[in-house]
Amino acid sequence: MKHLVTLQEAADAVNKTVHNIRDYIQRGRIAKYNPQGEVITRAKNGELRVDLHELRAFLNLVAQGDENHHHDGLHAELGFYGLAERERTKHVHRLHPYLGKFIPQLVEWFLSRYFQPGDILLDPFMGSGTMLIQANEMGMHAIGVDISEFCYRIVCAKTQQYDVEKARQEILRAERLTREFSRNWQYPSPQLSLFDADNVHTLANQLLEQCHSDYMKTWFAPRALVEILYYRHLIETDTFVYKDLLNILLSRAMRSSRLVPHYDLATPKQPLPVGVEYWCRKHNRMCLPIDNCITKIHAYSQDTVRRIATFNQLRTSAQIYPLHGDSRTIDLTPILQGRKITGIFSSPPYVGQIDYHDQHNYAYELFNIPRNDDLEIGPKSNGKSKRAQQAYIDGISGVLRHMKQYLIDDANIFLVANDAFGLYPQIAQASGLKIVEEFHRAVT
């Protein structure tokens, strides 16, 4: 049954993301199947399939704007039908992977209709910073807050102003030195090396001895781990100007260099054995887990330069203020200096969908970043019970109540939410706010 494919295969076939395919399933647009072609409600690990014919038929209906395929009331302009993946992830938006972000075109649509250049906008659930970047492109000042320090670091790297040529030189130099160090560690060749072989092995052993993370030692092959630790060592000890950007590049390369199946980068359950083949549902053949990191460092080095250069040409003089903190308590007075926020555009976490710290476990381990898992609102680990839903209501309304003091009167607040449990009327009431309009869209 060649038409029954994995989520990754389906995403590759129709130029979508795995997140898109999961959303179609959750919304009842396409069915779940097992490998035998039987419709199921729950799939065993590794056995979920979708029907490629059914998926393509659905997307064809979407492309034709046939709203009878969906429930009534979907906003035709907000589906962004046929929008290429490269546009959904343009320039710095794909500087580092992040689960649960909205596409920049959705932000642009609302900002262009309800706000104007010079306005000050707030995203109290900043995530990877999509709203901040698009607001800047449109000449609007933007403040973002996130409880995750790593999210804050991602946004800082995305929004920093760069001397692009200087950044390119540093990125390529870090790659070149790491490649040479790794080669000399594996195959000492004094005549061709920038390094003394004895010093290479001494430093490699020191870096491994100083690595106390069981996660790092378990999820990466030995060569990959040495390359990761050396690249981090370079960042820490060299005179690089753009250390934060190099850290984010390294984190992105790390994510793709774990001992995980090629089709399961987003939510791997356990590491694969080093050097042992497995059946890869992405490539439909036997594959080996990646045993190095330099391959991904190379792939993402030029890509990073290209992305920051593109945004560098598009950005305006509007200010961007990424902040790390709890949106229920953070003080915005020093940033605002007597000014008021014009409005909010944000996508709060959904109930029981994502553990936002866990998705970047590798980065927290490598950079030894403090975690605030217990302060997340609606994490997956809390589930979707009535108790979890009430905690979610309390959390989101707590943010909105706190932020009201910084808003102009009658400010527009746009929240992108998959309100499967109908919680937002309660959230609005608990926040002292009123829902004046709802926009329903197909997530394509």
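The residue that is surrounded by the most Cβ atoms within 10 Å (Cβ to Cβ), among those in segment 11-37 that are of a type in the set (Gly, Ala, Ser) and over 19 Å from residue 103 (Cβ atoms), is 31. Being outside any helix (DSSP H, G or I), touching a Lys or Arg at 6+ places or on another chain (Cβ under 8 Å) and buried (at least 19 other Cβ atoms within 10 Å of the Cβ) is a description that applies to residue 290. Can you spot a residue in segment 183-200 that is in the same structural domain as residue 244 (by TED's automatic domain parsing), crowded, with 24+ Cβ neighbours inside 10 Å and touching a helix residue (DSSP H, G or I) at 6+ places or on another chain (Cβ under 8 Å)? Within segment 183-200, not a single residue is in the same structural domain as residue 244 (by TED's automatic domain parsing), crowded, with 24+ Cβ neighbours inside 10 Å and touching a helix residue (DSSP H, G or I) at 6+ places or on another chain (Cβ under 8 Å). The criterion of at least 1 residues that are of a type in the set (Val, Ile, Thr) and without any contact (Cβ under 8 Å) to a residue 60 or more places away in the chain is met by the following helices (runs of 4 or more DSSP H) wholly inside segment 211-273: 214-219, 222-237.
In segment 13-30, which residues are aliphatic (A, V, I, L, M) and in a helix (DSSP H, G or I)? Across segment 13-30, the qualifying residues are 13, 14, 18, 21, 25. Restricting segment 349-365 to residues that are part of a loop (DSSP other than H, G, I, E, B) and surrounded by fewer than 22 Cβ atoms within 10 Å (Cβ to Cβ), the residue that is modelled with the highest pLDDT is 350. Contact map, segment 378-406: residues that are without any contact (Cβ under 8 Å) to a residue 60 or more places away in the chain paired with residues that are crowded, with 19+ Cβ neighbours inside 10 Å and aromatic (Phe, Trp, Tyr), Cβ distance under 6 Å, separation 6+ or inter-chain. Pairs shown: 378/392. In this entry, residue 230 passes the filter for residues that are of a type outside the set (A, V, I, L, M) and over 19 Å from residue 153 (Cα atoms). When the helices (runs of 4 or more DSSP H) confined to segment 93-183 are screened for residues that are at negative phi and aromatic (Phe, Trp, Tyr), those reaching at least 1 such residues are found at 104-114, 149-159.
Can you say whether residue 432 is loosely packed, with under 14 Cβ neighbours inside 10 Å, touching a helix residue (DSSP H, G or I) at 6+ places or on another chain (Cβ under 8 Å) and either at pLDDT 90 or above or not acidic (Asp, Glu) (or both), as far as the supplied structure shows? Yes: the conditions hold for residue 432.
The values are calculated or read from the model by the stated rules, or taken from the named source; none is laboratory data. Because the structure is predicted, anything quoted here is derived from the model rather than measured. Neighbour counts run over all protein chains shown; Cβ positions are idealised from the backbone, glycine included.
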